[in-house]
1. Could you grab me the full set of residues in segment 55-66 that are over 16 Å from residue 12 (Cβ atoms) and crowded, with 16+ Cβ neighbours inside 10 Å?
2. I'd like the full set of residues that are in contact (Cβ under 8 Å) with a residue 24 or more places away in the chain and assigned to a strand (DSSP E or B), limited to segment 1-15.
3. Does segment 3-11 contain any residue that is out of contact with any helix residue (DSSP H, G or I) (no Cβ under 9 Å at 6 or more places or on another chain) and exposed (fewer than 14 other Cβ atoms within 10 Å of the Cβ)?
4. Can you tell me which residue among 38, 48 is surrounded by 11 or more Cβ atoms within 10 Å (Cβ to Cβ) and at pLDDT below 90?
5. If you take the residues of segment 22-54 that are closer than 19 Å to residue 11 by Cβ, assigned to a loop (DSSP other than H, G, I, E, B) and free of Cβ contacts under 8 Å to residues at least 24 places away in the same chain, which of them is farthest from the chain's Cα centre (by Cα)?
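The values are calculated or read from the model by the stated rules, or taken from the named source; none is laboratory data. What you see is a predicted model; the values in this text were computed from it and never measured. As a convention, Cβ positions derive from the backbone with ideal geometry for all residues, glycine included, and neighbour counts pool all protein chains shown.
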């Protein structure tokens, strides 16, 4: 079953872009918006807030840069 996720692309506390993607998980939805690999956000300035409004869950990811 796929879920609709609202994905906010953030720079610090500033909203850069809004995305909507469907997936069986938050990570699958993120893969439809940008390429990984993904890490749990800690202090990264550029990050993504992924919201499953049906379950009221919020995930915070960043793209791992080498």
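1. Scanning segment 55-66 gives a single hit, 59.
2. Taking segment 1-15 first, the residues in contact (Cβ under 8 Å) with a residue 24 or more places away in the chain are 3-12.
Of everything in segment 1-15, those that are in contact (Cβ under 8 Å) with a residue 24 or more places away in the chain and assigned to a strand (DSSP E or B) turn out to be 3, 4, 5, 6, 7, 8, 9, 10, 11.
3. Yes; the residues of segment 3-11 include at least one that is out of contact with any helix residue (DSSP H, G or I) (no Cβ under 9 Å at 6 or more places or on another chain) and exposed (fewer than 14 other Cβ atoms within 10 Å of the Cβ).
4. 38
5. Step one: of segment 22-54, the residues closer than 19 Å to residue 11 by Cβ are 30, 33-36, 38-51.
Filter again for assigned to a loop (DSSP other than H, G, I, E, B), leaving 33-36, 41-45.
After this cut, where a residue has to be free of Cβ contacts under 8 Å to residues at least 24 places away in the same chain as well, the list is 41-44.
On the way: 41: 10, 42: 13, 43: 15, 44: 13 Å.
The qualifying residue farthest from the chain's Cα centre (by Cα) is 43.
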